Structures are given as C-alpha cells and as structure tokens.
Amino acid sequence: MNIPNWFYDERVQQIAPEKLNLLLHLAAQLEGKTSQKEIMPVLIGAIASASRQNLMFSKDEFELIFKIMKEGKSVEEQQKMDETLQKARQMFSGKR
C-alpha cells in the first residue's frame, strides 16, 4: 500500500493513531477510484466500520483531513471531492 502524502502532514499527528489507521485503510481502498459510483460504497463501508469500532471523527478532524487531501489537486478534482462529500452528508444527515 502506498502511504498518502497527507499522512505525513504534521497537522494530522494530533489525531488518534487508530483513526489514522482507519484512514490509511480507506485510502488504500479508494486508490484508483475516481467516480462517485465507485467511491460511495467504500465510503459507506468505512463509516460503518468506524461506527462499529466506536471511532468518531470530530468536525475539526474531518475538515482538516479533507482540506489536506484536497491540497495539490486540480480544481476539477477538488470539485469532485466536494460533490462526493456533499452526497455523503446528504445520505447520513437523516441518520443522526
């Protein structure tokens, strides 16, 4: 597995190691996937897995990770990431 560049960002080092491990596993599963159709099932599975493990990311942690992951991406890639995030929020907004 290739470890993503964002993992080495000092800003994420304040996040608990078990959360970072979950994110690394998610990154490996998402590698090479570009469409929302491919990404959403993996994302939903990761959210379910985190829930089973009682791993909850704070809003600040989530926003930091997402911000770092978007750095260096093209405008088009950033827009796709934003769209995927918005769809995920819509899907889970009724389940809280």
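Residue pairs whose Cβ atoms lie under 9 Å apart, separated by 6 or more positions or on different chains, with the first residue in the stretch 63-88 and under 17 Å from ALA27 (Cα atoms) and the second of a type in the set (Ser, Thr, Tyr), are GLU77/THR34; LYS80/THR34; LYS80/SER35. The residue that is farthest from the chain's Cα centre (by Cα), among those in the stretch 60-88 that are closer than 26 Å to ALA16 by Cβ and of a type in the set (Gly, Ala, Ser), is GLY72.
One residue alone among LEU43, LEU20, LEU24 is in contact (Cβ under 8 Å) with a residue 24 or more places away in the chain, in contact with a helix residue (DSSP H, G or I) (Cβ under 7 Å, 6 or more places away or on another chain) and among the aliphatic types (A, V, I, L, M), and that residue is LEU43.
Taking the criterion of being at pLDDT below 85, over 14 Å from the mean Cα position of the chain (by Cα) and not in a helix (DSSP H, G or I), would at least one residue in the stretch 46-59 satisfy it? Looking through the stretch 46-59, none of the residues is at pLDDT below 85, over 14 Å from the mean Cα position of the chain (by Cα) and not in a helix (DSSP H, G or I).
Taking the stretch 1-21 only, how many residues are among the charged types (D, E, K, R) and touching a Phe, Trp or Tyr at 6+ places or on another chain (Cβ under 9 Å)?
1
Residues in the stretch 6-17 that are free of Cβ contacts under 8 Å to residues at least 60 places away in the same chain and either within 14 Å of the chain's Cα centre (by Cα) or surrounded by 11 or more Cβ atoms within 10 Å (Cβ to Cβ) (or both): PHE7, ASP9, ARG11, VAL12, ILE15, ALA16.
The values are calculated or read from the model by the stated rules, or taken from the named source; none is laboratory data. Values in this document were obtained by computation on a predicted structure and should not be read as measured data. Positions of Cβ are generated from backbone atoms using ideal geometry, with glycine treated the same way; all protein chains shown enter the neighbour counts.
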